[in-house]
Amino acid sequence: MTERETTRLVAWSQEIRRVHGRLREALAVTRAALADGTPGEAATRELLLYCHGFCAALDGHHRGEDRTLFPAVAAAHPELRPALRTLEQDHSTIAHLLTALSAATARAAPPDELDRHVGGLAALMENHFRYEERLLLTVLDTLEPGAVPGETLGPL
């Protein structure tokens, strides 16, 4: 394998780390906007903007993994299929939580309700990311899915 090919393969595991880091940061910004507690329409609009951006980014990341990355991993490592199904189930659960958060934000739910939505989402997301990183980073260092990381892992 050439140095260029090795660099491209290792880029996949580095990119997933970067994407997860940016999603963690986006969640932190969303939580900070919520914690600010500024009453009024402007604060609601700001929180809606943060939530919308975060929700879209996280959902896009998971759709890309389900569509491109996980099938490539399953083809190269069939023994990981049960774990990949677990990750896909997490994606479905997180999508449900994102929908609930978006709906609560759109209807300007009280801060304590929004905090419960964001807190639950944060806990599941962090657990999911840690499991995914333990499972996949080493695999990604040896896998060439045949797609551009940004297209697969989301637009972040």
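Tally Lys and Arg at +1 and Asp and Glu at -1 over the other residues with C-beta under 12 Å from the C-beta of His128: what net charge comes out?
Details: positive: Arg24, Arg130, Arg134; negative: Glu65, Glu88, Asp90, Glu126, Glu132, Glu133.
Neighbour charge sum, excluding His128 itself: -3.
Calculated FRET efficiency, Asp66 to Arg116, Cβ-Cβ distance, R0 = 35 Å: about 0.85 to the nearest 0.05. Protection proxy ranking, highest mean first, for peptides 75-83, 60-68: 60-68, 75-83, where packing is the per-residue count of other beta-carbon atoms within 10 Å, averaged.
Using a Förster distance of 30 angstrom, determine the FRET efficiency expected from the C-beta separation of Ala56 and Thr86, and round it to 0.05. Mind showing how you got there, number by number?
Numbers: r = 24 Å, r/R0 = 0.80.
E between Ala56 and Thr86, to the nearest 0.05, is 0.80.
Peptide packing: for 18-31, 103-116, the average count of neighbouring Cβ atoms within 10 Å per residue gives the ranking 18-31, 103-116, highest mean first.
Throughout, read-outs are computed from the coordinates displayed, never taken from laboratory work. Values in this document were obtained by computation on a predicted structure and should not be read as measured data. Every residue, glycine among them, receives a Cβ derived from its backbone with ideal geometry; neighbour counts consider all protein chains shown.
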